[in-house]
1. Rounded to whole Hz and in sequence order, give me ³J(HN,Hα) for segment 75-81 from the Karplus expression 6.51 cos²θ - 1.76 cosθ + 1.60, θ = phi - 60°, writing x for Gly and Pro.
2. Please build a GNM for the chain, connecting alpha carbons under 10 Å apart, and tell me which residue among Ala61, Ala106, Ala79 fluctuates the most.
3. For segment 55-60, what does the Karplus curve 6.51 cos²θ - 1.76 cosθ + 1.60, with θ = phi - 60°, yield as ³J(HN,Hα) per residue in whole Hz, taken in order and with x for Gly and Pro?
4. Whole-Hz ³J(HN,Hα) for each residue in segment 107-115, computed from phi via Karplus 6.51 cos²θ - 1.76 cosθ + 1.60 with θ = phi - 60°, x for glycine and proline: what do you get?
5. Kindly express, to the nearest 10 degrees and within the range 0 to 90, the angle between helix 129-140's C-alpha long axis and the longest C-alpha principal axis of the chain.
6. Please return the longest stretch of the chain lacking exposed loop sites, where GluC sites (Glu not before Pro) count only if DSSP places them in a loop and at most 13 other Cβ atoms lie within 10 Å.
7. Ignoring everything except DSSP H segments at least 4 long, calculate the 222 nm mean residue ellipticity for the chain; use -39,500 (n - 2.57) per segment, divide by total residues, nearest 500.
8. Could you tell me which residue out of Ala72, Val131, Ala83 lies farthest along the dipole of segment 2-140 toward its positive end? Charges go on the beta carbon: Lys and Arg +1, Asp and Glu -1, centred on the Cα centre.
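Bear in mind that the values in this text are calculations on the coordinates, not laboratory data. What you see is a predicted model, and the numbers here were worked out from it, not measured in a lab. Cβ: placed from backbone, ideal geometry, glycine included. Neighbour counts: every protein chain shown.
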Amino acid sequence: MPGARAAAMSAPSVHVVAAVLRDARGRILLTRRTEGRDLAGLWEFPGGKVEPGEAPEAALARELREELEIEAEVGGQVACVEADSPGKRVRLDVREVRFRGKPRGAEGQALAWVPLHKLPDYPMPPADLPVVEILLGAAAD
């Protein structure tokens with residue numbers, strides 16, 4: 001569909017950073033998008049938008065401090081995915097993160113520690129799905 005493709009290409013682009021946070025048992029933290037936001041009710045890797053002039057690592061540490069009240073040590077890149085989202089094109093930069101503190105939903109969002117093999121059971125935004133596949137593939141190697 002040329003019209004849909006042109007619309008997607010003209011949509012604003014948003015750079016988002018997200019974290020793969022693991023607990024001592026190897027489970028991965030997902031957060032649930034709250035009501036009133038795009039894709040409300042879906043589960044995602046925690047993170048948020050990179051502000052103009054902000055380094056992705058700094059943005060991710062800031063977002064995790066604001067949303068989960070933890071201190072983050074941002075590590076290597078797990079994936080970089082581009083996907084269409086309602087009214088925008090999202091570039092999702094996902095990093096491994098070590099953290100200090102106990103994550104809590106500071107913005108009222110639900111949290112779930114999920115075993116790797118159960119990640120596909122959680123409904124997620126389109127940009128997060130390839131990240132799940134990458135994580136599952138890495139575990140199989």
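1. For segment 75-81, the Karplus curve yields x, x, 6, 8, 6, 9, 10 Hz.
2. Ala106
3. 6, x, 5, 5, 4, 5
4. 10, x, 7, 6, 10, 9, 8, 10, x
5. Tilt of helix 129-140: around 40 degrees.
6. Working: sites that count: Glu35, Glu69, Glu107.
By the stated rule (loop sites, at most 13 other Cβ atoms within 10 Å), 70-106.
7. On the way: 3 runs with 34 residues, N = 141.
Mean residue ellipticity at 222 nm (helix-derived): -7500 deg cm²/dmol.
8. Final value for the positive-end residue is Val131.
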